[in-house]
Amino acid sequence: MGDVYARDKRDYASVNKNNQKVAKTVNHAKCYLKNYPRPQFVREDWMSLDGDWDFAFDRNNEGENKRFFRGFEKQYGIRVPFSFECEASGIAKEEPCENVWYARKVVLTEEQLKKRCILNFDGVDHTAKVWFNGNFVGTHSGGYARFSFDVSGCAKEGENLLVVKAEDGAEIDKPRGKQRWMDYNYGCWYVQTTGIWKSVWMEFTAPEGRIGSVKITPRTDEYSFDLEFETSLSGGAEYELLTEVEFRGKPVCVVRSKMDGETLKQKCFIESSRIDNQVYFWSPNDPAVYDFAFTLYCGGRAIDRVGSYCGFRDFRAEGNKVMLNGFPFYQKLVLYQGYWEKSGLTPPDEEAIVKDLSLIKEAGFNGARLHQIVETDAFLYYADMMGLVVWCELPSPHTFNGRACERASREWQEIVKQAYNHASVVTWVVYNESWGIREVSYNRAQQAFSEGMYLLTKAYDGMRPVIANDGWEHTRCDVLTIHNYEQDAKVFGETYRDVNRLQGKYQKAPPHMPFAQGYAYDGQPVIFSEYGGCAFSEDTKAGWGYGESVRGVDAFYNRFGALLRTIKSLDYCAGYCYTQFTDVQQEKNGLFTIDRVCKVDVGRLRSMNEE
């Protein structure tokens, strides 16, 4: 099998503090392929299914009875992967519809049909039912997790019909995040996202077997990576798995193992005299990554090859500090909700992602809290490559019952698994502000579920900090996070000047207690993971911000600077997260407008963050 992967550099336009375009160079992983939807697990033999599809609303939910899966009369053309609610889709209808249909022709060659045809969906909100040539191939529930189906048994040479039904009701017992469940926007809930909203693609693998996934864990104490593979094998032959590791084009490790089942563990030691520092650690200042190539052999013949990469880094909570590679790391985060003016929750393209990350770094932040959204793998890839730490968060359900618990736990496990290998992901957040567990302060069942989700996450990832309920009413947490939108820096400072006031007995402010009943502060790192939210008075004529708005740029600098200096003066504090990066629909407290124009001077923001 030929090595088609090649390291690439690509220049992207960003803006400096004077809103002038400047060049940004991204050092890509060796396996990088332009527009490949899953850049940390790359196959060369693939076909994008993004683009033009047929689309129909099914307001009476009669499409299955009418056999729409064998074809239907299109009502609109839609541009996948954009949801029908947004302008980029070509439809732009914001009124909700619980059942919608998609269809497109897929042309397959005789050569492709000699292989397994794997159909991949990066995200369909909320439940997807999929047919291929009229044959039902599977269903998946969960709007934020990736899933795949093998359609080989019903594929044919020439034209094939792919049909998808998306079901997305207004239930509040499923992870929905900031998506509204009324027919109108309110508070901090925005236009819903229905149906296919991330990329769709097909890839082709050998019939004898394929690599399904790999979990890559850096072990900085012994200069190694631990690998855990899941494969799909047809059986009846001898299988081997070869792992090759490189750093900037220089080989550092080769491991070949025989397989006696569909799972396999390997260890790759990477300390090498072939590279100048022997081992390179990933950090925001030097986002170095190791390149991986995995090859599956059957009877001595290579049948599957996957390109990947991983940063070598350790991020954990120790005492009252968060540590990156053994050193204290002060987090300067900005809240990132991932909305775009014309494309909703879906990034317009790769270049738009790079511009966002560039702007965040140029404003002096070293990370982003991804809030109530599971970003595309392309976003996480560029965070890896450009050196921006991110927090990964479950979009919240909004009630507590048995079905809500089942849905949240199942989808969260899928999300953690698919984001695990990204070096940029440094913290897992399960719930936000008690959404979905609103009685967690005193309800023992909700406390037990919150603890269970914490422990479930720690079982899969024993290194990264886990926060069971971000903002207040904590149960189990590796980092104590606090949300407070007090706009007066003096009041803010008085509230938090003494770390002992975090013990759960301080009643004056904020209105929610730091800990649920029965839990108390145990010396964890403290991060103010939501604060600020300052809006300009002219912006609030068409929306809102937190607290009293400011009149003019100078008033903004005074408030922003005073709050920031107050937080930095707290010697027990390990970081902060400012709300927020951009305006989002009716919420007008962004540092940038929804079309990414900075409301103030980017350079001055950077100076304040870095001072």
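The values are calculated or read from the model by the stated rules, or taken from the named source; none is laboratory data. Quick caveat: nothing in here was measured; it's all calculated off a predicted structure. Virtual Cβ from ideal backbone geometry, glycine too; neighbours counted across all protein chains shown. Calculation scope for accessible area: heavy atoms of the full protein, side chains included, ligands and nucleic acids excluded. Shrake-Rupley method; radii C 1.70, N 1.55, O 1.52, S 1.80 Å.
The share of accessible area on the chain that comes from carbon and sulfur is 45 percent, using a 1.4 angstrom probe. Positive-end ranking of TRP544, GLY533, THR566 along the dipole of segment 515-570, with charges on Cβ about the Cα centre, is headed by THR566. If each of ARG497 and GLU228 carries a label point 7 Å out from its Cα toward its Cβ, how far apart are those two points in nm? Distance between the two pseudo-spin positions: 4.8 nm.
Each Lys or Arg adds one and each Asp or Glu takes one away; over the other residues whose Cβ falls under 10 Å from the Cβ of ASP150, this sums to +2.
Subtracting the Cα-Cα distance of THR139 and ASP183 from 0.36 nm times their residue separation leaves 13.1 nm of extension gain. Would you work out if segment 29-169 is rounded, prolate or oblate? Take a ≥ b ≥ c from the square roots of the eigenvalues of the alpha-carbon gyration tensor; rounded if a/c is under 1.5, else prolate when a/b is larger than b/c, oblate otherwise. It is oblate, given that a/c is not under 1.5 and a/b is not larger than b/c.
Spin-label pair SER48-GLU351: with each label point 7 Å from Cα along the Cα-Cβ axis, the two points sit 1.3 nm from one another. Think of the chain as a dipole: +1 on every Lys or Arg Cβ, -1 on every Asp or Glu Cβ, centred on the Cα centre; then among ALA128, TRP282, PHE515, TRP282 lies furthest on the positive end.
Which chymotrypsin sites (Phe, Trp or Tyr not before Pro) in segment 412-469 sit in a loop by DSSP (not H, G, I, E or B) and have at most 13 other Cβ atoms within 10 Å of their own Cβ?
Details: sites: TRP412, TYR420, TRP428, TYR431, TRP435, TYR442, PHE449, TYR454, TYR460; in loops: TYR420, TRP435, TYR442.
Sparse-neighbourhood loop chymotrypsin sites (Phe, Trp or Tyr not before Pro): TYR442.
Pairwise inverse Cα distances across segment 406-563, averaged and inverted, put the Kirkwood hydrodynamic radius at 17.3 Å.
Let's see if you can work this out: charge +1 on each Lys and Arg Cβ, -1 on each Asp and Glu Cβ, no other charges. What is the dipole magnitude of the chain about its Cα centre, in debye to the nearest 20?
520
Dividing the helix sum by the residues of the chain, where each DSSP H run of 4 or more adds -39500 (n - 2.57), gives a mean residue ellipticity at 222 nm of -4500 deg cm²/dmol.
Can you give the charge dipole size of segment 209-352 about its Cα centre, rounded to the nearest 20 debye, using +1 on the beta carbon of Lys and Arg and -1 on the beta carbon of Asp and Glu?
140
Toward the positive end of the charge dipole of segment 405-474, with +1 on the Cβ of Lys and Arg and -1 on the Cβ of Asp and Glu, the farthest Cα among TYR460, PHE449, THR427 is that of TYR460. Per the Debye calculation on segment 91-189 with a single equal scatterer at every Cα and no solvent contribution, log₁₀ I(q)/I(0) for q = 0.22 Å⁻¹ amounts to -1.14.
Rounded to the nearest 20, the size of the Cβ-charge dipole of segment 80-133 about its Cα centre is 500 debye, with Lys and Arg at +1 and Asp and Glu at -1.
Shape of segment 303-346 from the C-alpha gyration tensor: oblate (a/c of 1.5 or more and a/b not above b/c, with a ≥ b ≥ c the square roots of its eigenvalues). Taking 0.36 nm per residue of separation and subtracting the current Cα-Cα distance, fully stretching the chain between ARG438 and ARG248 would add 63.5 nm. Shape of segment 16-112 from its Cα gyration tensor (a ≥ b ≥ c, root eigenvalues): rounded if a/c is under 1.5, otherwise prolate when a/b > b/c, or oblate? Note, shape of segment 16-112 comes out oblate.
Which order do the peptides 584-596, 461-473, 558-570 take when ranked by the mean count of other beta-carbon atoms within 10 Å per residue, highest first?
Per-residue mean Cβ counts within 10 Å order the peptides as 461-473, 584-596, 558-570.
Relative to its Kirkwood radius, the Cα radius of gyration of segment 478-567 gives an Rg/Rh of 1.03.
Largest first and in whole Å, the equivalent-ellipsoid semi-axes of the chain read 39, 30, 24, each the square root of five times a Cα gyration tensor eigenvalue.
Relative contact order, whole percent, for segment 77-178 stands at 32, derived from Cα pairs under 8 Å and 6 or more residues apart.
Among the trypsin sites (Lys or Arg not before Pro) found in segment 452-545, those both in a DSSP coil and sparsely packed, with 10 or fewer other Cβ atoms within 10 Å of their Cβ, are LYS508. A convex hull fitted around the alpha carbon atoms of segment 229-325 yields 126 Å³ per residue. Pairs spanning more than 22 Å between alpha-carbon atoms, out of LYS30/LYS156; LYS66/LYS129; LYS93/LYS165; LYS156/LYS417; LYS105/LYS417; LYS105/LYS178: LYS30/LYS156; LYS156/LYS417; LYS105/LYS417; LYS105/LYS178.
Shown here for segment 301-342: chymotrypsin sites (Phe, Trp or Tyr not before Pro) in loop regions (DSSP other than H, G, I, E, B) with at most 15 other Cβ atoms within 10 Å, namely TYR330.
Across the protein chains, with a 1.4 Å probe defining accessible surface, the residues LYS105, LYS321 rank LYS105, LYS321 from largest area downward.
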